[in-house]
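So the structure is just underneath, and the comments pick up after that.
Laboratory data are not the source of any read-out in this text; all were calculated from the coordinates shown. What you are looking at is a predicted structure, and each value in this text was computed from that prediction instead of being measured. Neighbour counts are summed over all protein chains in view; Cβ atoms, including those assigned to glycine, are modelled from backbone coordinates with ideal geometry.
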Amino acid sequence: MGEAVRNSGIPREEIFVITKLYPNQFSDPEAAIEEALEKLDISYIDMMLLHHPGAGDVDAYLAMEKAVEEGKIRSIGLSNWYVEELETFLPQVNITPALVQNEIHPYYQENDVIPYIQGLGIVVQGWYPLGGRGYTAELLGNEVISEIAQAHGKSSAQVILRWNLQKGVVVIPGSSNPDHIKENTELFDFELTEEEMERIHDLDRNEKHDWY
């Protein structure tokens, strides 16, 4: 990572590096943070998240807070934390998470969780925005989403990503296809109507596609 950053010609401050601490690292978070810096070969990490709740998560987060004070990490957050977990966790830490990253897509919308997190002044980021492995084709082929996409001259993926953005959710669609990467950025020349947002809202199945 460090070599790629240095050879990119892009200023380091314009590259945002996010990594995570996993539950099997919570017992010695200080060592895990140092290991991340060494493996990434960078002088600081822009954001570090706890991957999901587990034994020792508060102590691991407090270690990340210390790393922020030391300049090793710029910002910290959580992944796969929901309302009940947040209500228990947040009173035990000092720095409010900058971001909470959860599974969010039209079949699993978290309509109670998103406003709760946003109400705390925390950014919500959605992973698996297109449904995740083994589910993407079904979601992109959904009749409602396809109809909305056709009405706007956009792809189903663009409609889903735009739906997230209009809910105030930051999205991280994964792709190694240059055409898809470009398409995923072309979201700001159209807007879904209230009716279209409501039609997608009605697709919610409370159907998680991963166990976190």
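The table for this structure:
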read-out: Antiparallel DSSP beta bridges within the chain, as percent of all bridges there, nearest 5; value: 5
read-out: Pairwise label distance in nanometres, ASN177 with ASN7, each label 7 Å out on the Cα-Cβ vector; value: 2.8
read-out: Listed peptides 138-144, 87-93 by packing density, highest first (mean Cβ within 10 Å); value: 138-144, 87-93
read-out: Cβ-placed point charges (K, R +1; D, E -1), dipole of the chain about Cα centre in debye, nearest 20; value: 400
read-out: Lys pairs, the chain - Cα-Cα below 22 angstrom, 8 or more residues apart or on other chains; value: 10
read-out: Taking segment 1-91 and dividing mean pair separation by its residue count, relative contact order in percent (alpha carbons under 8 Å, at least six apart); value: 29
read-out: 0 to 90° range, to nearest 10: angle between helix 57-69 axis and the chain longest Cα axis; value: 70
read-out: Electrostatic dipole magnitude of segment 98-212 [Cβ: Lys, Arg +1; Asp, Glu -1; Cα centre; debye, to 20]; value: 400
read-out: Dipole of segment 69-212, positive direction: furthest Cα of HIS180, TYR82, HIS201, with charges on the beta-carbon; value: HIS180
read-out: Angstrom value of the Kirkwood radius, inverse mean 1/r, which spans all Cα pairs in segment 98-212; value: 14.3
read-out: Size of electric dipole in segment 1-53: Cβ of Lys, Arg +1 and of Asp, Glu -1, about Cα centre, debye, nearest 20; value: 180
read-out: Euclidean distance of C-alpha centroids, segment 32-71 and segment 124-152, integer Å; value: 33
read-out: Amide proton proximity set for GLN101, modelled H, under 5 Å, gap of 5+; value: LEU78, SER79, ASN80, TRP81, GLN125
read-out: Candidates ARG12, ARG74, ARG162, ranked by Gaussian network fluctuation over the chain, Cα under 10 Å, top entry; value: ARG12
read-out: Cβ-derived FRET efficiency at R0 30 Å, GLU143 paired with VAL123, nearest 0.05; value: 0.40
